[in-house]
Each structure stands twice: as structure tokens, then as C-alpha cells.
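Student: This is the structure, below, for whatever I ask next.
No lab work stands behind these numbers, since they all come straight from the coordinates. Quick caveat, the model's predicted, so the values are computed rather than measured. In this analysis, Cβ positions are derived from the backbone assuming ideal geometry, glycine residues included, and neighbour counts consider all displayed protein chains.
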Amino acid sequence: MSIIHRMTLRARQDRSIRLGQCLARLDEVGRDMPGCLRLQIFPSRSDPLTWQVEGQWRSAGARDAFLGSEGVRLILAQAIDEGLFTHLECAVELEQQVA
């Protein structure tokens, strides 16, 4: 079983490109984290102001280590300080592995 964590962020008007650049740095953080199976950062096809961050983790502990890491904290703090987004929503789901 693995954990899938999604963050949805809505950029402020005229800040979507900058938000995407900031969020792209999360890939570097995730790549170095044990237990990271996949990490994707992408804009919504239907809304140019909405960005998705989707990670798949071997365990809840691996996910928590990523979310609690200094790198994630600094990236999100920068996005907040620069006023890049207006809304942040998180969701988690368990993915059952088929035998």
C-alpha cells in the first residue's frame, strides 16, 4: 500500500507562472527523500490559476518527512511571503496494490 498526497493551490491573478516556478523546486526536495515513489507538479488544464502537487509515498512516515522537511517549509514560506496563492487544499488517499 502507498500514500498519495495532493495539494491544490490557487494562484493570485497574474502570479500563476511565478507560483509554478516556486512549486517546481519541490521536485528537488522530493527526489532526495527516502520513500518518494513519484512527485509531480503541474498546472490544471481547466484553470490556469490552479496548480497541483501530487506525491506518492511508500508510507505515511515518508510523506510526513517530506511535508515536514525544511525544503518544503522554505518553499511554501516563500510562496506565502510573495503572495503567490490565495487557497491551499490538501487531500490524502491510500492506494491498494494489486497482487
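Student: What are the residues whose amide H is under 5 Å from the amide H of ARG25, where those residues sit 5 or more places off or on another chain and H is modelled from the backbone?
Tutor: For ARG25, no residues qualify.
Student: Label ALA24 and ALA60 with points 7 Å out from Cα along Cα→Cβ: what is the distance between them in nm?
Tutor: In this crude spin-label approximation the distance works out to 3.5 nm.
Student: So what J values fall out for segment 37-47 if you push phi through Karplus, 6.51 cos²θ - 1.76 cosθ + 1.60 with θ = phi - 60°, rounded to Hz, Gly and Pro as x?
Tutor: After applying 6.51 cos²θ - 1.76 cosθ + 1.60, I find 8, 6, 9, 10, 10, 8, x, 5, 6, 9, 9 Hz.
Student: Here is a further query. Remind me, relative contact order of the chain in percent, using alpha carbon pairs under 8 angstrom and six or more residues apart?
Tutor: Computed value for the chain: 47 percent relative contact order.
Student: log10 I(q)/I(0), Debye, Cα-only the chain, no solvent, q = 0.20 Å⁻¹?
Tutor: Log10 I(q)/I(0), no solvent term: -0.97.
Student: Also: Around ARG58, under 14 Å between beta carbons, what's the net of Lys plus Arg minus Asp minus Glu among the other residues?
Tutor: 0
Student: A further question on this structure: Would you please name the trypsin sites (Lys or Arg not before Pro) within segment 44-93 that are DSSP coil residues with at most 10 other C-beta atoms within 10 Å of their C-beta?
Tutor: Details: sites: ARG45, ARG58, ARG63, ARG73; in loops: ARG45, ARG58.
Hits after loop and neighbour filter: ARG45.
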